[in-house]
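Working notes, structure below.
What follows draws every value from the coordinates through simple rules; no lab data is involved. Predicted model only: the values in this text are computed from it and were never measured. Every residue, glycine as well, gets a Cβ built from its backbone with ideal geometry; the counts of neighbours run over all protein chains shown.
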Amino acid sequence: MESTRKAQALPCHLIAGSLGVGKTTAIRRFVAQSSQFTAVIVNDFGKTGYDASFIAEAGGSAKLSVENVPGGCLCCTSVAQLLPALKILCARPEVERIIIEPSGIALIDPLLEMLHDAAPKCGFEVAPVIVLFDPAKARPASLKLIPYWNRLADCADIIVANRCDLAPPEAVEQFFQCMEQWKPAKLKVIKTSHGELPPELFELRGHIISPPEHSHHHANIPLAGTFCADGTFQLAELLVLLEATAHQLDRFKGVFQTDQGWQRLEIAGGHVNAVPTAATARSAAEWIGADDRFSRRINSCLVR
């Protein structure tokens, strides 16, 4: 491994996309199947470390290292934390690949500029940028009119249409045709579901031409909140609450101790998902689309 590391810089992959598009699931699937030692840097929107813990469950310490940089915007205040983390990871001889997941509100063009500047100093190579979209939401007209989506598409080297199993077939086809004609042209455009990325995507090299510069404004996220609590929650009531508010919340992620064991609950793309998970110190959640008063509604689901 040492001779390979000396001869070749570490590949550093940026996997981006808007809120709830499946970035974390895609990374989790890749590291679970990869035989390489992968270091993942996650930029969680809140401070609960939900995405980082979800990825960490996919592999043991023998082949996976997960670092959390909280704050929601790697392109701004978190840069001071990102660069030292990259330097430390590049100095670890066992690390064979680095993946960075910016939050769904971070802009990736300033982040890419910073990574290209830091690459020769830290000893990594910026791999083609992978951007995920939900074709049910990212219709061709919206891709051109919504600045945040437009910038993501411009910066992407590889476009992934995820959640194709949940999108109307005509929406998938329209998205695919739009991306195949997008300028600058992409290295690859693929369709998938459940965040399943072909392993060969991570072996591609090269970049599209630099996209035009944009002003530095983030996606408009009006309301957000976080929650931590002890006690046991009624899973059925939590699910009823989340189903009732799925249309309102842009994103919800939480880990709860329930009357049916520890559960990981999510809202993404308007769909509620619940899966068993490992125990944590406390129940915790974070969301976008409602303020902190939503905590009271969660508390009402406690076992009395």
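Placing pseudo-labels 7 Å out from each Cα toward the beta carbon at Val303 and Glu94 gives an inter-label distance of 3.8 nm. Each principal axis of the Cα cloud of region 8-203 was taken in turn, and the coordinate range along them, longest first, works out to 47, 35, 31 Å. Full extension of the chain between Asp230 and Val275 gives 14.2 nm of extra length, using 0.36 nm per residue less the Cα-Cα distance.
Under Stokes-Einstein, with the Kirkwood radius over Cα pairs as Rh, the value for region 224-299 at 37 °C and 0.692 mPa s is 271 µm²/s. Listed by chain and number, the lysines whose alpha-carbon sits under 30 Å from that of Lys144, ignoring those within fewer than 8 places in the same chain, are Lys23, Lys183, Lys186, Lys188, Lys191, Lys253.
Inter-label distance, Arg205 to Asp259: 5.8 nm, where each label sits 7 Å from its Cα along the C-beta direction.
Which of Lys23, Lys191, Lys121 has the fewest other C-beta atoms within 10 Å, and how do the rest follow up to the most?
On the way: Lys23 26, Lys191 17, Lys121 11.
Taking fewest neighbouring Cβ atoms as first place, the list is Lys121, Lys191, Lys23.
Could you give the distance between the Cα centres of region 148-178 and region 273-304, to the whole Å? So the separation of the two Cα centres works out to 31 Å. A Förster radius of 41 Å combined with the Cβ-Cβ distance from Leu239 to Glu173 puts the calculated FRET efficiency at roughly 0.80.
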